[in-house]
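Only one structure is covered here, and it is reproduced in the block below.
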Amino acid sequence: MTRHRAAFLDRDGTMIEDVGYLDRLERLKLFPYTVHAVGLLKRAGFKVIVVTSQNGVANGVLTEEFVSEAHAHLSRVFEAAGTSVEGYYYCPHSPHASVERYRVDCECRKPKPGMILAAASDHEIDLERSFVVGDRWRDIEMGLSAGTRAILVQTGYGRTEAARPPANVSGVPVVANLIEAVSVILRKGV
Ligand SMILES: [Mg+2]
Ligand SMILES: [Zn+2]
């Protein structure tokens, strides 16, 4: 059985502008290269999977229904451009959630690898040949602890994050943005 390579993409600050809590579709702004980046990854045989923390759900400022609506909107944008992503995984939990049912010490909160592991099992993914791209070190740590490679982008929080790498992380490429991350991934071949 051939297992698939995947690109696990963080959403806020990596694929779309980080506007704090995204709670209205009017505030959803893709970076200008995001659709192209997804298309390139797909054409190279990667499954593209979105992995996102949605603390706003835990804090009661947005609903899971809205998170799904935002993802349906993204899917329509990708489809209109002739491409698509395979799936969306999000963590609505927080140990400090103001909404009680989301106050869980879950396995999917970054940097824990739960979202990656769930996606890997749903989509038959070879983690060693896969990548996480994100703008926070906790995205990177999530990937590394699941056994993927990882790339930090300097959009969103990335510029600040790049200035203070955690002691336990080394050898992670830091690039300007998602489209540069994709060219690094495609150059590495394999
Ligand atoms: Mg982010
Ligand atoms: Zn969670």
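Just so you know, all these numbers are worked out from the coordinates, no wet-lab data involved. Remember, predicted model here, so these are calculated numbers, not experimental data. No Cβ is skipped: glycine too gets one built from the backbone with ideal geometry, and neighbour counts run over all protein chains shown.
For region 1-64, evaluate the Debye formula with one uniform point scatterer on each Cα (no solvent term) and list log10 I(q)/I(0) at q = 0.14, 0.22, 0.23, 0.27 Å⁻¹, rounded to two decimals.
These q points yield log10 I(q)/I(0) values of -0.50, -0.94, -0.98, -1.16.
Can you list the aspartates and glutamates whose alpha carbon is less than 13 Å from that of residue 110, not counting same-chain residues fewer than 8 positions off?
Output for residue 110: 10, 135, 139, 141.
Report the full-extension gain for the segment residue 21 to residue 65: residue separation times 0.36 nm, less the Cα-Cα distance, to one decimal in nm. If you can, show how the numbers build up before the last one.
On the way: separation 44, 0.36 × 44 = 15.84 nm, distance 1.43 nm.
14.4 nm is the gain from fully extending residue 21 to residue 65.
Give the distance, in whole Å, between the Cα centre of region 1-74 and the Cα centre of region 119-160.
Cα centroid to Cα centroid, the span is 13 Å.
Taking every DSSP beta bridge with both residues inside region 1-115, roughly what % is antiparallel (nearest 5)?
Numbers: 1 of 12 bridges.
So the antiparallel bridges amount to about 10 percent of the total.
Determine which lysines satisfy two conditions relative to residue 47: a Cα distance under 20 Å, and not lying fewer than 8 residues away in the same chain.
188
How compact is the chain by the rule of thumb for globular proteins, expressed as Cα Rg over 2.2 N^0.38 Å? Kindly include the intermediate steps, with their values, before the conclusion.
Values: Rg = 15.5 Å, N = 190, 2.2 N^0.38 = 16.2 Å.
Against the compact-globule rule of thumb, the ratio is 0.96.
Are there cysteines in the chain with no second cysteine's Cβ under 4.7 Å away, and if so, which?
106
Aspartates and glutamates within cross-link reach of residue 42: Cα-Cα under 16 Å, excluding same-chain residues under 8 positions apart?
List returned: 79, 86, 124, 126, 180.
Let me test this: with uniform point scatterers at the alpha carbons of region 148-190, what is the Debye-based log₁₀ I(q)/I(0) at q = 0.15 1/Å?
Debye output, listed in q order: -0.37.
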